[in-house]
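Just below is one structure, and these are the notes that go with it.
The values are calculated or read from the model by the stated rules, or taken from the named source; none is laboratory data. The model shown is predicted, which means the values in this text are computed figures rather than measured ones. Quick reminder, even Gly has a Cβ in these numbers, built from the backbone with ideal geometry, and neighbours come from all protein chains shown.
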Amino acid sequence: DSGVTQTPKHLITATGQRVTLRCSPRSGDLSVYWYQQSLDQGLQFLIQYYNGEERAKGNILERFSAQQFPDLHSELNLSSLELGDSALYFCASSSLDREYTFGSGTRLTVV
Amino acid sequence: SQQGEEDPQALSIQEGENATMNCSYKTSINNLQWYRQNSGRGLVHLILIRSNEREKHSGRLRVTLDTSKKSSSLLITASRAADTASYFCATDYNYGQNFVFGPGTRLSVLP
């Protein structure tokens with residue numbers, strides 16, 4: 001157990017639907033990062049939150065949004081899902097200038 | 001792009017041999033980290049090397065950093081079948097605000 005918890009582990013949904021992925025960071029970490037990993041795109045940075053505020057934005061689609069709550073857990077919302085959104089979605093947490101700790105990921109399949 | 005680039009993209013060796021993977025990046029960094037990912041699993045942190053360090057060891061792993069060439073290498077000695085995985089370098093150029101991952105090197109260690 002890395003200390004970063006992601007739920008659910010697997011998600012199968014239809015095109016056009018909306019899903020929410022959840023991440024609880026390692027205890028004491030204030031930063032949460034979301035990454036998307038697909039076979040053809042590699043590991044793509046989506047967004048970072050630090051202590052509840054958005055800190056950095058990467059290749060995140062407008063259909064996707066995220067937030068970090070006062071208890072530091074984070075949610076990634078994916079809407080109007082398309083087949084191409086099928087991927088592994090990872091959450092990672094860190095403290096300042098330290099390594100990332102990754103969760104085990106959510107495998108999203110859009111059918 | 002700030003992205004690190006691993007080289008080679010794929011590497012296949014026999015058990016007991018050494019494996020060397022390289023990472024190049026484009027701008028000044030605070031630290032560089034190496035991660036391992038087993039198929040479909042989360043990334044696991046291996047080593048963090050800071051910009052003022054030149055070499056670090058951890059068990060069978062040796063990481064070097066050459067900031068003048070903007071490159072790093074990961075050496076795995078006496079490889080084992082269990083080392084089969086993808087290896088990623090991640091560059092931290094903004095004090096943990098946004099690590100950028102390269103596309104990874106797929107290492108296969110054949111028994």
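For residues that are touching a residue at least 60 places away in the same chain (Cβ under 8 Å) and under 12 Å from B:Ser108 (Cα atoms), tally how many sit in the stretch B:19-47. Of the residues in that region, 1 qualify. Quick one: in the stretch A:1-34, which of the residues that are surrounded by 15 or more Cβ atoms within 10 Å (Cβ to Cβ) and part of a loop (DSSP other than H, G, I, E, B) is modelled with the lowest pLDDT? It comes out as A:Ser2.
Does B:Ser58 qualify as being over 20 Å from A:Leu39 (Cβ atoms), within 13 Å of another protein chain (Cβ to nearest Cβ) and surrounded by fewer than 21 Cβ atoms within 10 Å (Cβ to Cβ)? Yes; evaluated as a whole, the condition is true for this residue. I'd like to know if the stretch B:41-53 contains one or more residues that are assigned to a loop (DSSP other than H, G, I, E, B), hydrophobic (A, V, I, L, M, F, W, C) and either touching a Ser or Thr at 6+ places or on another chain (Cβ under 7 Å) or over 24 Å from A:Leu108 (Cα atoms) (or both). No: zero hits. When the stretch B:1-39 is filtered for residues that are in a loop (DSSP other than H, G, I, E, B) and either surrounded by 19 or more Cβ atoms within 10 Å (Cβ to Cβ) or touching a strand residue (DSSP E or B) at 6+ places or on another chain (Cβ under 7 Å) (or both), the ones remaining, listed by number, are B:Gln2, B:Gln3, B:Gly4, B:Pro8, B:Gln9, B:Glu15, B:Asn18, B:Tyr25, B:Ile29, B:Asn30, B:Asn38.
The set of residues in the stretch A:52-64 being in contact with a Ser or Thr (Cβ under 8 Å, 6 or more places away or on another chain) and more than 12 Å from every other protein chain (Cβ to nearest Cβ) consists of A:Arg63, A:Phe64. Residues in the stretch A:78-111 that are surrounded by fewer than 16 Cβ atoms within 10 Å (Cβ to Cβ) and in a strand (DSSP E or B): A:Thr109 alone. Here B:Ser86 fulfils each of the conditions (1) in contact (Cβ under 8 Å) with a residue 60 or more places away in the chain; (2) under 13 Å from the mean Cα position of the chain (by Cα) apart from (1).
Here A:Ser86, A:Ser104, A:Ser80 are screened, and the one residue that is within 14 Å of chain B (Cβ to nearest Cβ), touching a residue at least 24 places away in the same chain (Cβ under 8 Å) and over 22 Å from A:Ser2 (Cα atoms) is A:Ser86.
Within the stretch B:65-74, the set of residues being buried (at least 16 other Cβ atoms within 10 Å of the Cβ) and in a strand (DSSP E or B) comprises B:Leu65, B:Ser71, B:Ser72, B:Ser73, B:Leu74. For the stretch A:89-100, the count of residues that are of a type in the set (S, T, N, Q), within 11 Å of the chain's Cα centre (by Cα) and more than 13 Å from chain B (Cβ to nearest Cβ) is zero.
Within the stretch B:75-111, the set of residues being of a type in the set (Gly, Ala, Ser) and part of a strand (DSSP E or B) comprises B:Ala85, B:Ser86, B:Ala90, B:Ser108.
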